[in-house]
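The structure appears right after this line, and notes come after that.
The values are calculated or read from the model by the stated rules, or taken from the named source; none is laboratory data. All values reported here derive from a predicted model rather than from experimental measurement. Positions of Cβ are generated from backbone atoms using ideal geometry, with glycine treated the same way; all protein chains shown enter the neighbour counts.
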Amino acid sequence: LLLNADQTPTWSGTLPQNPPSTSSANGMQGPFSQKLFLGGIPYELSEGRVTEQIFTRENKGHSDLLYELHNFGRCTVRWPKTEGAGSVRPGFCHVIYQDARSTVELLRRCTHQNQEYFWHVQIRRSSLVVGNKIKPNHVKMIQVVPWCITDNLCVIRYPNDDDSVLTKDWSRTIFLSALHGKMTAYSLALIMTDVFGAVSFVQINTDKFLYPTGTATVLFRDSHSYIRAVSTGSIYIKCDYFQKIHEIYPYLRENEECFSCSNSAIYFCRNNHCLRSYCKQCWIKKHGLRPLVDHQPITRKQKK
Ligand SMILES: [Zn+2]
Ligand SMILES: [Zn+2]
């Protein structure tokens, strides 16, 4: 276990890749979510609007993103929030197809190299009128990042494990935030096992499209590993795709009872000697009005 200067445990290496799946065909893993990410969208391509032409596939004579995406099925586009009016259109967005088969259709039209997909979009003539000059048609590449929904869950059974290690036990469960889009349940399970100890399952939390929301729930195999993770409070992950600190929280249920009374708990103390949830009054009783620096209250994190 490596600790950097501020005592945050560090994991560094190549992000563990899932073992090759038997369902893999043509380099494509699956099944995919109907929601996907597009990056590097060229500025020549306007957002586009929903019009009849999109559904009748009438040639509009110019290129826009929505029209091009509808080659593969009906969809909506979600742009990130921008800084007020007049700001530049972002170069990335999420696309939500009505049917996950459209994701596969789009991926089939992409070139595929080193686990990355590139969609070649032809920018048509009339999009490119600059002054009086008409530029010839040209092709731009957009990166397509699909999400494989089997990457949402990873269950690890050790020899002699019975079903009880897999039951949802909140006293062995942590919650991780700010996950990178490349992090699968399998990668996270391996990293957490390396750093804190054996993990029984990891679930990447998702929206209704089974697409990650950036948080994960981790169930440790035993309470020692759980205590190590919770009392450390964070993990620094440094890999080929990103390097960042991830906060670790105990999984506080809604309506969790206070350790000392029957009120509902709102604070958790992650100090090794406490590791308990308390209501406000009992927190003060236990810690005093001005708690020691290493007994700071943390509040509940919701699942999403
Ligand atoms: Zn209480
Ligand atoms: Zn405490």
* Please indicate, with yes or no, whether at least one residue in the range 284-304 is buried (at least 17 other Cβ atoms within 10 Å of the Cβ), modelled with pLDDT of 80 or more, more than 9 Å from ligand 2 (Cβ to nearest atom) and not in a loop (DSSP other than H, G, I, E, B). => no
* Under 8 Å between Cβ atoms, at least 6 apart or on separate chains: pull out the pairs that start in the range 268-294 with a residue that is closer than 20 Å to Trp170 by Cβ and in contact (Cβ under 8 Å) with a residue 40 or more places away in the chain and end on any residue that is more than 10 Å from ligand 2 (Cβ to nearest atom) and of a type in the set (Val, Ile, Thr). => Arg270/Val230; Arg270/Ile298; Asn272/Ile227; Leu275/Ile227; Leu275/Val230
* Sort out for me the strands (runs of 3 or more DSSP E) sitting completely within the range 236-280 that have 3 or more residues that are within 16 Å of ligand 1 (Cβ to nearest atom). => 267-269, 276-278
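Can you go through Asp151, Asp161, Asp194, Asp240 and tell me which one is touching a helix residue (DSSP H, G or I) at 6+ places or on another chain (Cβ under 9 Å) and not polar (S, T, N, Q)? Steps first, answer last, please.
Numbers: Asp161 fails: touching a helix residue (DSSP H, G or I) at 6+ places or on another chain (Cβ under 9 Å); Asp194 fails: touching a helix residue (DSSP H, G or I) at 6+ places or on another chain (Cβ under 9 Å); Asp240 fails: touching a helix residue (DSSP H, G or I) at 6+ places or on another chain (Cβ under 9 Å).
That would be Asp151, the only listed residue that is touching a helix residue (DSSP H, G or I) at 6+ places or on another chain (Cβ under 9 Å) and not polar (S, T, N, Q).
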* Complete set of residues in the range 196-215 that are crowded, with 20+ Cβ neighbours inside 10 Å and not in a strand (DSSP E or B) -> Phe196, Tyr211
* Here are Asn132, Asn59, Asn114: which of them is modelled with pLDDT under 85, under 21 Å from the mean Cα position of the chain (by Cα) and either within 30 Å of Ile204 (Cβ to Cβ) or surrounded by fewer than 18 Cβ atoms within 10 Å (Cβ to Cβ) (or both)? -> Asn114
* State all residues of the range 151-192 that are without any contact (Cβ under 8 Å) to a residue 12 or more places away in the chain and either surrounded by 21 or more Cβ atoms within 10 Å (Cβ to Cβ) or of a type in the set (S, T, N, Q) (or both); if no residue qualifies, say none. => Asn160, Ser164, Thr167
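Can you work out which of the residues in the range 67-107 that are charged (D, E, K, R) and touching a residue at least 40 places away in the same chain (Cβ under 8 Å) is nearest to Lys182 (Cα to Cα)? If you could, list the steps in order and put the result at the bottom.
Kept after step one, since they are charged (D, E, K, R), are these residues of the range 67-107: 68, 74, 78, 81, 83, 89, 99, 101, 105.
Within this subset, residues satisfying the condition of being touching a residue at least 40 places away in the same chain (Cβ under 8 Å) are 68, 89, 99.
Values: Glu68: 26, Arg89: 24, Asp99: 23 Å.
Taking the candidates together, the pick is Asp99.
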